1. Which residue is modelled with the lowest pLDDT, if the candidates are limited to the stretch 244-264 and must be within 24 Å of residue 115 (Cα to Cα) and touching a helix residue (DSSP H, G or I) at 6+ places or on another chain (Cβ under 7 Å)?
2. Taking the stretch 278-294 on its own, how many of its residues are at pLDDT 95 or above and over 17 Å from residue 214 (Cα atoms)?
3. Taking the stretch 124-178 only, how many residues are surrounded by 15 or more Cβ atoms within 10 Å (Cβ to Cβ) and not in a strand (DSSP E or B)?
4. On the given criteria, is residue 314 without any contact (Cβ under 8 Å) to a residue 40 or more places away in the chain and within 22 Å of the chain's Cα centre (by Cα)?
5. Would it be correct to say that residue 220 is modelled with pLDDT of 85 or more, touching a strand residue (DSSP E or B) at 6+ places or on another chain (Cβ under 8 Å) and within 30 Å of residue 143 (Cα to Cα)?
6. Filter the stretch 71-115 for residues that are in contact with a helix residue (DSSP H, G or I) (Cβ under 9 Å, 6 or more places away or on another chain) and not in a strand (DSSP E or B); which is surrounded by the most Cβ atoms within 10 Å (Cβ to Cβ)?
């Protein structure tokens, strides 16, 4: 409407000027024709732009609604994933269920999310028994199998020597979460050695000074008693705690409960100067916090720390000392 008004005023101006300077009728007609053509061109362009904006808006809306995508891989198709259309992801919890249409021996789920602090995980379904007709996989953030961004699950069902694969993609929109570094007012407390257990496997508690304790038969372990950590079996609480404890880059993996819900453990790779440290961390609800150093070295920086985290995660079960430390913290809780 504004464009038409401007064109009308311009047309009046042309008529006025032509009267003043004695322009011919042909000149006036040409000017009028030019203005009309320009008006028509502007209207067409305006309509084209509106159409483009509507297409873009529709495309964005479709992309936003496409939270789930299922792709069957290969010729074999003896598992199917149930409909996920009405699933809610606001709590970062998703139960993936499905059916089998032949005798399946086992099901393995391979998870990946390149933008997550826990980018990969491989899990054989424990609740699925050979011959079952249904299966369930819990993709929960607290289990490190669902996060913001693009989550990809390759579900493999094995029947004898044959395998059926299906890819499930779950897109979770990134939320802006601000972590207050002052939330965790961590305070060390005096640790009473007499309250700690003794054992043939882990030895006796030995004071390290500064309120910390180690064990005679567990090299690289330090334990202290702290409060105000806010640590729970939740990924955000781990991120917040580690961000307040270490002022450098870190990644972690394999968050697991200790003795039910009485504590948690997880592995951490962190940078300190030119060195990296790979550790297992333990925290009990009673306030015991332990760090077990497993490996250290150089050659790792912000560009490859994520890859190193994935590499070391595959070696977690090979650290014999971890088994002994696990026994100790279970004993502390009992």
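1. By that ranking, first place goes to 249.
2. 1
3. Total meeting the criteria: 11.
4. Spelling it out, residue 314 is indeed without any contact (Cβ under 8 Å) to a residue 40 or more places away in the chain and within 22 Å of the chain's Cα centre (by Cα).
5. yes
6. Here is the first cut: in the stretch 71-115, the residues in contact with a helix residue (DSSP H, G or I) (Cβ under 9 Å, 6 or more places away or on another chain) are 91-93, 114.
Subset that is not in a strand (DSSP E or B): 91-92, 114.
Details: 91: 10, 92: 19, 114: 10.
Checked the stretch 71-115; the qualifying residue surrounded by the most Cβ atoms within 10 Å (Cβ to Cβ) is 92.
The values are calculated or read from the model by the stated rules, or taken from the named source; none is laboratory data. Quick caveat, the model's predicted, so the values are computed rather than measured. Using ideal geometry, Cβ is built from the backbone for each residue, glycine included, and neighbour counts are taken over all protein chains shown.
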